[in-house]
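Report on one structure; see the data block that follows.
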Amino acid sequence: MNGTHSNGYRKLLIGCAAGAGLALLGGCNTSGSNASGSQTVRTSAETAPTDLQLLCASKAAEELQIAGGNVLPVSSARSGEAAYQVNLTYEGGQATCVIDESGVVQTITPV
């Protein structure tokens, strides 16, 4: 390449890099303002892995003899050092399930 083309190519690369950088920064909101006006609640609680939540739901359907087996996990949180509490819902009620990290269900309690 001659000097003119290489200089234009370099300017194009610099322009693209600058544009990409601005696009990334434009997506960040560090001002703390919320343009939509709605409030978002964030928690620092550690949730149970999906497979453990689904295992709780399955075991609860069996143990509570839920017709059709339609038990859904709705929330979960760490319960002690090596277990999780999973909150479940089903037609006609709710239950909690405590499951350890290895997938052993400790308790299922209707609420």
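So if each residue of separation counts as 0.36 nm, and I subtract the Cα-Cα distance between Glu46 and Gln94, what length gain in nm does that give? Don't jump to the answer; show the numbers that get you there.
Numbers: separation 48, 0.36 × 48 = 17.28 nm, distance 2.12 nm.
Taking Glu46 through Gln94 to full extension adds about 15.2 nm, to one decimal.
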TODO: Note down the net charge around Ile66, summing +1 for each Lys or Arg and -1 for each Asp or Glu among other residues with Cβ under 12 Å from its Cβ.
DONE: -2
Open item on the list: Modelling each spin label as a point 7 Å along the Cα-to-Cβ direction, I'd like the Leu54/Val104 distance in nm, to one decimal.
Closed with: 2.3
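Net charge near Pro49, counting Lys/Arg +1 and Asp/Glu -1 over other residues with Cβ under 14 Å of its Cβ? Mind dumping the intermediate values first?
Numbers: positive: Arg78; negative: Glu46, Asp51, Asp100, Glu101.
Charge balance in the 14 Å sphere: -3.
Bear in mind these aren't lab numbers, they're just calculated from the coordinates by the rules spelled out. All values derive from a computational prediction rather than experimental measurement. Neighbour counts are summed over all protein chains in view; Cβ atoms, including those assigned to glycine, are modelled from backbone coordinates with ideal geometry.
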